[in-house]
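First up is the structure itself, then whatever we jot down about it.
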Amino acid sequence: MNILSLYELSSLIKCTLDDLLADTYWVTAEIARLNYNQSGHCYLELVEKDEDTTLAKVRATIWAYKSSELTLKFQSVTKESLKPGMKALFLVTVQYHQVYGLSLN
């Protein structure tokens with residue numbers, strides 16, 4: 001029996017994902033939650049639903065250095081702000097952190 005510590009398993013997951021996944025992906029998703037913090041980071045929860053059934057849910061972050069730029073560009077093109085319930089197309093990188101788990105940036 002091969003026994004791993006939690007950190008060892010988490011590191012294995014991170015390395016495997018880093019090795020196998022492309023640098024970026026285009027993803028369509030609905031914004032379920034959206035919050036900006038004092039630093040300007042935008043934290044989202046993205047979902048895909050089939051009627052009332054949630055098929056997938058992932059945390060996402062738009063870091064402050066990109067958040068204000070993307071928000072202004074999105075508003076100038078769509079005349080709307082990003083908000084919960086909105087479906088959008090995102091260019092994401094998949095991140096796995098040993099403490100914070102899976103997220104999209």
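Looking at the chain, which longest stretch skips every one of the chymotrypsin sites (Phe, Trp or Tyr not before Pro) that is in a DSSP loop with at most 14 other Cβ atoms within 10 Å, leaving the sites themselves out? Longest site-free region, per DSSP loop and neighbour criteria: 1-62. From the helices alone, meaning DSSP H stretches of at least four residues, give me the mean residue ellipticity at 222 nm for the chain, per-run term -39500 (n - 2.57), in deg cm²/dmol to the nearest 500. Theoretical 222 nm ellipticity from helices: -9500 deg cm²/dmol.
Here the extension length gained between residue 2 and residue 18 equals 3.5 nm, from 0.36 nm per residue of separation less the Cα-Cα distance. Estimated at 0.36 nm per residue, the fully extended path between residue 48 and residue 28 surpasses their Cα-Cα distance by 6.4 nm. The GluC sites (Glu not before Pro) of segment 22-96 meeting both criteria, a DSSP state outside H, G, I, E and B (loop) and at most 14 other C-beta atoms within 10 angstrom of the site's C-beta, are 51, 80. Counting pairs of alpha carbon atoms under 8 Å apart in space and at least six apart in sequence, what relative contact order in percent does the chain give? This gives 31 percent for the chain. Angle of helix 6-20 to the longest C-alpha principal axis of the chain, folded into 0 to 90 degrees and rounded to 10: 60°. The long axis of helix 64-78 is offset from the longest Cα principal axis of the chain by roughly 40 degrees.
No lab work stands behind these numbers, since they all come straight from the coordinates. Being a predicted model, the structure only gives us computed values, none of them experimental. In this analysis, Cβ positions are derived from the backbone assuming ideal geometry, glycine residues included, and neighbour counts consider all displayed protein chains.
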